[in-house]
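Comments concern the structure below.
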Amino acid sequence: MSKQNKTNYNKNMFRQYLLLVLPGFIIFTIGLIIPMFMAIRYSFTSWNGMTQDKPFVGLQNYISLMRDSEFIDAWWFTLRFTFFNTIIQNVLALLFAVALDRGIKAQKLYRTAFFIPCLISSVIVGFVWLRMFSNVLPAINDLFGTHINFLLFGDGSTVLSGLLIANNWQWMGYWMLIYLAGLQSIPAELYEAAKVDGAGAIRCFSNITLPMLAPAITICVVGITTGSLKVYDLLVSSTKGGPGRASTSIIFKTYSTAISGRKYGYGSAMSVTLVLVLLIVALVQVKGLKNKEVQA
């Protein structure tokens, strides 16, 4: 191939790649990039979302956020939910993945049963567990004469536990399949060599399974963490941020402030803080976990 033909070929390939990428890039720009910069702009105003006038207030919205107890409470709930949800969901997903990887009977049936809940809308999941905690499970007390407190959504001290149960029920199977795919990609020869050397099950798990699962762990930890920080749909149909403000997440607070409270400038400042936290957390986690990955 001559130099001229090679140049033309590269140009044609570039145009083809550009045509493939362009639609997604346009949608990404219109749906995410532009709104993000608009939110940053509005965060420096006291715009109410209704008028054409957008009074510039500088950093006043961000200064007010630092003194807003409701904003701080929303972040406190969001961080607690994220911390516990990330740990519980990763541990459960990994344990169930290891159990299914052992070749138990009806493996496909269990995989399907665990995965189905993640196909359901989070709004519906919230409604289902609201009925479970308020109607279905309390019927067990009437049936057996017990006094177990199943009204988890009705008490500020237990609402976090109820939401963790509902969220893990929905998403645990999704992350379990990622771990299961990682487990099945580990060469069997590694375990056979370890057994020849006298390694037990615990040693094989810590020295072979976990290091080889590092890429899957990175995906799951980052995915669960960022998803937990953005929890909103589950709250809409279950607790509505209550009781009181006990389950008000940062996105729930941002929505209620900007849309219901007609404080678009102040709400935009809240959304900007969320984006910054998401970026920082994701970058730190990816960098820290990537350093521990082992290529198979």
Select from the chain the helices, each a whole stretch of DSSP H, whose alpha-carbon atoms run 27 Å or more along the helix axis and whose Kyte-Doolittle mean is at least 1.0; answer none if there are none.
69-101, 264-290
Counting only Cα, what are the radius of gyration and maximum Cα-Cα distance Dmax of the stretch 21-92, in Å?
17.9, 51
Can you give the charge dipole size of the chain about its Cα centre, rounded to the nearest 20 debye, using +1 on the beta carbon of Lys and Arg and -1 on the beta carbon of Asp and Glu?
900
If you take the square roots of the eigenvalues of the alpha-carbon gyration tensor of the stretch 198-258 and sort them as a ≥ b ≥ c, do you get rounded (a/c under 1.5), prolate (a/b over b/c) or oblate?
prolate
Of the candidates Lys54, Lys230, Lys108, which one comes out as most mobile in a Gaussian network treatment of the chain with C-alpha springs shorter than 10 Å?
Lys108
Summarise the accessible area of the chain (1.4 Å probe, protein heavy atoms) by the percent that is carbon and sulfur.
68
Tell me, how many Å apart are the Cα centres for the stretch 192-213 and for the stretch 95-168?
33
Taking the Cα centroid of the stretch 41-59 and of the stretch 217-296, what is the distance between the two, rounded to the nearest whole Å?
24
Mind jotting down the three principal axis lengths of the stretch 135-290 based on Cα atoms? Whole angstrom, largest first.
65, 52, 21
Expressed in square angstrom to the nearest 10, the accessible area of Trp75 with a 1.4 Å probe stands at 30
Just the number please: accessible area per residue for the chain, 1.4 Å probe, all protein chains included, in Å².
60
Would you list which lysines come within 30 Å of Lys11, measuring only between C-alpha atoms, while excluding same-chain residues fewer than 8 positions from it?
Lys3
State the number of lysine pairs found in the stretch 183-296 whose Cα atoms come within less than 17 Å, restricting to pairs 8 or more positions apart or on distinct chains.
4
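The values are calculated or read from the model by the stated rules, or taken from the named source; none is laboratory data. What you see is a predicted model; the values in this text were computed from it and never measured. FYI the Cβ positions are ideal-geometry reconstructions off the backbone, even for glycines, and counts take in every protein chain you see. These area figures cover heavy atoms from the full protein model, side chains too; ligands, DNA and RNA do not enter into them. Shrake-Rupley method; radii C 1.70, N 1.55, O 1.52, S 1.80 Å.
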